[in-house]
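First the structure, in the form of C-alpha cells, and then the observations on it.
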C-alpha cells in the first residue's frame, strides 16, 4: 500500500481533501461543497457541522482505505468566530467577511484607541475583527456568550477539534483577528479585559507543524481513516497557499489572480506599514512574516466586461482580441476599482473608469486596457510591499488563480512588474500542497518550506520584454497619478447618487 498524508482545506465554498505521497505526488482528490448564509445587516455565516460533514465526505471520496495513511493535516478560512460549548458549536460560525459588528467596532476603537490597536496587531482593523465580534456576541446573544467554553478562529480549528479534541489555532490565523500581538506572538488579553470580555475562552496557540493530538476512534470512523494517526493542526489558507505555491521562504513572492486578487511575499520578520493597506501575517515559521496586498477586484474586471458586452465570447477569444491591440492600448487606461479598493489606499467610494477613450478606440483596446489596468494595480501594491521596488524590482514571482490561464495577462504582468513570472500548474492544489509540506516538516522529512523545485510544477514562464517594460513604465506613471486627481470626483459621484453602489 502506498504511504500518504491526508490533507483537507476547508474554504468558503467547499472542503477539499487530498492524499499525497512523501514525494509530493497527489494520488487522490475529493471535494464537497456547502452553503453560505448572508443577512441584511452584513451577516455572513456557515454551519460548522456542514464543514465537518463535507470534510468526512471529501475524505471518503479519496478512498483512503486503499492507502497507508501516515498523518492528517488541515488548512482553512481564517478570522471566524466559532463558539464551542456543551461539546458542540453553539451557533453558526460568524465568518471573516461578516460586518454586523460595526457598532461594537466603534466601541472597541473608543476603548482601545486606533493607533494602539494598529501598532500592537500590525494591521488595520474593521468590524470583522474578533474583539468586535466577541463584543457583539456578549451584547446581542448573552446566553451563547455565557455558555461558550472556547472560541475557535478558523474552520480548520473546528475540524481539528472534532478530529482529536485539541482546542488550538495557528499563528497565521490568529494574526488575522485583531487579537494577536504580532511582536510577541501572544494574545492581547489585556485588550479583552479593557473591553470587559472574557480571556479564558481563547484557544491555545500551536505551530503549524506541530502534532496536536491523535485521531479519535469516533472521528476515524466518520472520516474513513485509521484511528490513532497523528493530527497536525496545519495553518490558515493564507499560509498554506503561500507555502504551496512555492513562496514559503523569505525572498519569494506570488500573485493570485482570481475574481479578487493579492500579491504576497514571505519575509524574515519585516512588518509593513498598515496605513498602506498591506497586511502583515505571521508565517508558519514564527519568526517570519507574510506580507499580503489585496486587490478588491482583479479578474472580476474582465468578468464584468464580458458580462456586460461579450457574454457569448469565450475568455480565450477575449485574450486573443486584446492581443490584437498594442501595449498601452492606444492611449486607453483603465482603473480597476469596480468595488472600491483597500490597497495601496482605502477608499470605498472609488470606482472603475476608462480614461482616454476616443473615436478610434476599439473593443480590443478596451479589453487590453482592462488587463493592463489590473497589472498596474498590482504594480502599485508591489511598491507598497517593497518601497524600493522602482529602483530594485523583484526578480521573479509565481502566479496562480483563474486569470493566470491567460498567457497574455501573465506576459502583461511580467512586463508591468518588470520581473519573471512563473505560472503554477494545477493551482487548485496549492493549499493541499502547502499543508502537506507543513506536515512533512513536522514528520522530519523536510528542513525547508521549499523542499525541491519538482514539488512546485511550473506550467509556463514569462520574461519581461525590455522595450515593452519601458512603454508600460510611462503608462504606469500616468495610472499612478489618476487616483489622487479623481479621488474627490468619485466621492462627489457617490454622494450624488440616490442609491449607493
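Some points to look at:
- With respect to (1) under 16 Å from residue 204 (Cα atoms); (2) surrounded by 22 or more Cβ atoms within 10 Å (Cβ to Cβ), the lone exception for residue 94 is condition (1).
- The strands (runs of 3 or more DSSP E) found entirely in segment 1-109 that carry 1 or more residues being touching a strand residue (DSSP E or B) at 6+ places or on another chain (Cβ under 9 Å) and over 22 Å from residue 226 (Cβ atoms) are 14-20, 26-33, 44-46, 68-76, 82-85.
- Any hit, segment 343-350, residues being within 17 Å of residue 259 (Cβ to Cβ) and outside any strand (DSSP E or B): yes
- Matching entry among 389, 360, 449 (being part of a loop (DSSP other than H, G, I, E, B) and under 20 Å from the mean Cα position of the chain (by Cα)): 449
- All told, residue 111 meets the bar of being modelled with pLDDT of 95 or more and more than 17 Å from residue 91 (Cβ to Cβ).
- Checking residue 144 against (1) modelled with pLDDT under 95; (2) within 17 Å of residue 80 (Cβ to Cβ), the condition it does not meet: (1)
- Considering residues of segment 480-501 that are under 26 Å from the mean Cα position of the chain (by Cα) and in contact (Cβ under 8 Å) with a residue 40 or more places away in the chain only, the residue nearest to residue 426 (Cα to Cα): 480
- Selection from segment 115-145 of residues that are more than 22 Å from residue 182 (Cβ to Cβ), assigned to a helix (DSSP H, G or I) and touching a strand residue (DSSP E or B) at 6+ places or on another chain (Cβ under 9 Å): 136, 137, 144, 145
- Whether a residue is assigned to a loop (DSSP other than H, G, I, E, B), at pLDDT 95 or above and touching a helix residue (DSSP H, G or I) at 6+ places or on another chain (Cβ under 9 Å) was assessed, and residue 234 does not pass this test.
- Matching entry among 85, 154, 165, 76 (being surrounded by fewer than 20 Cβ atoms within 10 Å (Cβ to Cβ), within 23 Å of residue 438 (Cα to Cα) and in contact (Cβ under 8 Å) with a residue 12 or more places away in the chain): 165
- Qualifying residues in segment 396-427 (those that are part of a loop (DSSP other than H, G, I, E, B) and modelled with pLDDT of 95 or more) - the one surrounded by the most Cβ atoms within 10 Å (Cβ to Cβ): 406
- Counted residues, segment 192-209 - those being under 28 Å from the mean Cα position of the chain (by Cα) and either surrounded by 15 or more Cβ atoms within 10 Å (Cβ to Cβ) or not assigned by TED's automatic domain parsing to the domain that holds residue 166 (or both): 9
The values are calculated or read from the model by the stated rules, or taken from the named source; none is laboratory data. Quantities reported herein were computed from a predicted structural model and do not represent experimental measurements. As a convention, Cβ positions derive from the backbone with ideal geometry for all residues, glycine included, and neighbour counts pool all protein chains shown.
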